[in-house]
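**Q** Below you will find the structure I want to go over with you.
The values are calculated or read from the model by the stated rules, or taken from the named source; none is laboratory data. These numbers were taken from a predicted model, which means no experiment stands behind them. Cβ coordinates were reconstructed from backbone atoms using ideal geometry, including for glycine residues, and neighbour counts include every protein chain displayed.
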Amino acid sequence: MHNAHPYTFDIPETGIPTSYDNHIVRRLSAMKGQYRDTDAFNALLEQDDRILYEVYEFRRPEVSSELLHGVSIIHPGRVGDEYFMTKGHFHAVLETGEVYYCLRGRGMMVMETPEGDWSVKEFRPGGVLYVPPRWAHRSVNTSPTEDLVLFFVYPGHAGHDYRTIEQQGFRKLVVDRDGKPEVIDNPRWKQAESR
């Protein structure tokens, strides 16, 4: 049963909230087809199906009057020259936005619209990022050693559309160039049918 009363929680240095309802673990195998260098992906997967990121969710009713929220932790690492990242998604209800607050680490948010607009914004501790309605988004950890810890909030009825991104990818990728992140075109990006 969902708590109908106000509540509080803390997010300590680890990034793991002091209370949560659901813990999602995304391993490398869940990202098949999302990294440009398939040889590097397969070689890394043969070594270990490592955890790329985790999400700690607070369950609320999935209705427009609620705000779903939680913490995502993207671990450091790379597949070839691409940094570890989340799957990325549109919202199932396209006209819904999302807010991210960076608690720790450094990274980037890769975003795009069905109409072809794209943007990449930086995450830094204390920074807030607003993702408007219609924008797909993917978090990327650009730190070589530190977790990227993000608090997120979005409307309860928004839902997630992972399938579109799984099929087409994002237009842009974030890669390591001499120890610094660089945004490049994704050679494997496919134009999807109009949403």
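**Q** For the subset of region 84-110 comprising residues that are without any contact (Cβ under 8 Å) to a residue 60 or more places away in the chain and either among the polar types (S, T, N, Q) or in a loop (DSSP other than H, G, I, E, B) (or both), which member is nearest to MET31 (Cα to Cα)?
**A** PHE84
**Q** Any idea which of (1) free of Cβ contacts under 8 Å to residues at least 24 places away in the same chain; (2) within 24 Å of ILE51 (Cα to Cα); (3) crowded, with 16+ Cβ neighbours inside 10 Å is the one THR113 doesn't satisfy?
**A** (2)
**Q** Is it true that GLU95 is surrounded by 20 or more Cβ atoms within 10 Å (Cβ to Cβ) and over 13 Å from the mean Cα position of the chain (by Cα)?
**A** No: the conditions fail for GLU95.
**Q** Here is a follow-up. For region 142-180, enumerate the residues that are within 29 Å of ARG59 (Cβ to Cβ), in a strand (DSSP E or B) and either aliphatic (A, V, I, L, M) or in contact with an Asp or Glu (Cβ under 7 Å, 6 or more places away or on another chain) (or both). Quick ask: steps written out before the conclusion?
**A** Taking region 142-180 first, the residues within 29 Å of ARG59 (Cβ to Cβ) are 146-167, 170.
Then drop every residue that is not in a strand (DSSP E or B), which leaves 148-155, 161.
Hits for region 142-180 are LEU148, VAL149, LEU150, PHE152, VAL153, TYR154.
**Q** When region 3-17 is examined, which residues are found to be of a type outside the set (S, T, N, Q), at pLDDT below 90 and surrounded by 10 or more Cβ atoms within 10 Å (Cβ to Cβ)?
**A** Correct list: empty.
**Q** If GLU13 satisfies every condition in (1) within 20 Å of SER143 (Cα to Cα); (2) more than 13 Å from the chain's Cα centre (by Cα); (3) part of a strand (DSSP E or B); (4) of a type in the set (D, E, K, R) but one, which is the exception?
**A** Exception for GLU13: condition (3).
**Q** Tell me, yes or no, whether region 67-80 has at least one residue that is surrounded by fewer than 16 Cβ atoms within 10 Å (Cβ to Cβ), among the small types (Gly, Ala, Ser) and under 17 Å from HIS160 (Cα atoms).
**A** So far as region 67-80 goes, no, none of its residues is surrounded by fewer than 16 Cβ atoms within 10 Å (Cβ to Cβ), among the small types (Gly, Ala, Ser) and under 17 Å from HIS160 (Cα atoms).
**Q** Filtering region 83-92 down to residues that are surrounded by fewer than 21 Cβ atoms within 10 Å (Cβ to Cβ) and within 20 Å of TYR35 (Cα to Cα), which residue is nearest to the chain's Cα centre (by Cα)?
**A** First, pick out the residues of region 83-92 that are surrounded by fewer than 21 Cβ atoms within 10 Å (Cβ to Cβ): 87, 89, 92.
Within this subset, residues satisfying the condition of being within 20 Å of TYR35 (Cα to Cα) are 87, 89.
Numbers: LYS87: 6, HIS89: 8 Å.
Among them, the one singled out is LYS87.
**Q** For the condition within 20 Å of the chain's Cα centre (by Cα) and either closer than 18 Å to GLU166 by Cα or loosely packed, with under 15 Cβ neighbours inside 10 Å (or both), what is the one hit in ASP21, ASP39?
**A** Of the residues listed, the single one that is within 20 Å of the chain's Cα centre (by Cα) and either closer than 18 Å to GLU166 by Cα or loosely packed, with under 15 Cβ neighbours inside 10 Å (or both) is ASP21.
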